[in-house]
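Structure, as structure tokens:
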Amino acid sequence: MSFYLANDKYATTLSSGYTVGQTTLSVNVVPDNVPTLVVVAKGTTKETVFIVTGKTINSLTGVSRLKGYNGDLDVNMPVTCLNNAEFLNQYAVGFGVEDWITETYNTNMVLNIDSEAGGGKKHFVELAGNTTFTLANVSNGDIFMVAVKQGTNGNWLVTWFPGAVWVDGSAPTLTTTVGKVDTFIFVELLGSYYGYVCGMNS
């Protein structure tokens, strides 16, 4: 699984119309890199965000609608890359200003992400041993944070929830010093949780 990375200079138009349910977008120019996030008809009532996982000479393939207008799109509509920052700022369901939730340590920990069901988007865990995280009530496009503190004795390990994806293909090594905190942010995209390091050894 790959990260959805920015193609900041990518801009083109649809070379033919798009019908809801299609898995390709026919375009006049394809981007250098995939997978990526693209937006069609940005700034209009038909603005639509797609995840793209592949390409051919004249089309974007493996296309899934992520956000926005849920209808057919016309030929010649503009297509641009939606980079990670734009996605986080404009389209994802953010964690806002809600308080951190302090979790009671357990060897198997379920992080409830739905703030309307007694959960939240910011979870603080003080380790008292090794633990395995799982998730509950995550919606498509959710952003959530997990802060992990090394409790008494330190050297505790975390097994991340299924679907966690990291930029270099493996989870970062936790700080092992007692009292130190590592903080991570995750973005959910169609069942995968893209993890970014916010801070280490703080």
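The values are calculated or read from the model by the stated rules, or taken from the named source; none is laboratory data. Because the structure is predicted, anything quoted here is derived from the model rather than measured. Glycine also receives a Cβ, built like all others from the backbone with ideal geometry; neighbour counts cover every protein chain displayed.
Scanning the stretch 26-66 for residues that are of a type in the set (S, T, N, Q), at pLDDT 85 or above and part of a loop (DSSP other than H, G, I, E, B) turns up ASN28, THR44, THR45, THR56, ASN58. Residues in the stretch 29-43 that are of a type outside the set (S, T, N, Q) and either surrounded by fewer than 22 Cβ atoms within 10 Å (Cβ to Cβ) or over 18 Å from SER192 (Cβ atoms) (or both): VAL29, VAL30, PRO31, ASP32, VAL34, PRO35, VAL39, VAL40, ALA41, LYS42, GLY43.
Could you check, for the stretch 140-153, whether at least one of its residues is hydrophobic (A, V, I, L, M, F, W, C), assigned by TED's automatic domain parsing to the domain that holds VAL110 and not in a strand (DSSP E or B)?
Initially, the stretch 140-153 is screened for residues hydrophobic (A, V, I, L, M, F, W, C), giving 143-148.
Filter once more, so that each one left must be assigned by TED's automatic domain parsing to the domain that holds VAL110: 143-148.
Cutting the leftovers down to not in a strand (DSSP E or B) gives us none.
Within the stretch 140-153 (the criterion being hydrophobic (A, V, I, L, M, F, W, C), assigned by TED's automatic domain parsing to the domain that holds VAL110 and not in a strand (DSSP E or B)), the answer is no, since none of the residues qualifies.
A search for C-beta distances below 7 Å between a residue of the stretch 119-139 that is more than 18 Å from LYS180 (Cβ to Cβ) and any residue that is of a type in the set (Asp, Glu), counting only pairs 6+ apart in sequence or on different chains, returns GLY120/GLU98; LYS121/GLU98; LYS122/GLU98; ASN137/ASP114; VAL138/GLU188.
Return a yes/no flag: does the stretch 129-141 have any residue that is touching a Lys or Arg at 6+ places or on another chain (Cβ under 8 Å) and at pLDDT 90 or above.
Within the stretch 129-141 (the criterion being touching a Lys or Arg at 6+ places or on another chain (Cβ under 8 Å) and at pLDDT 90 or above), the answer is no, since none of the residues qualifies.
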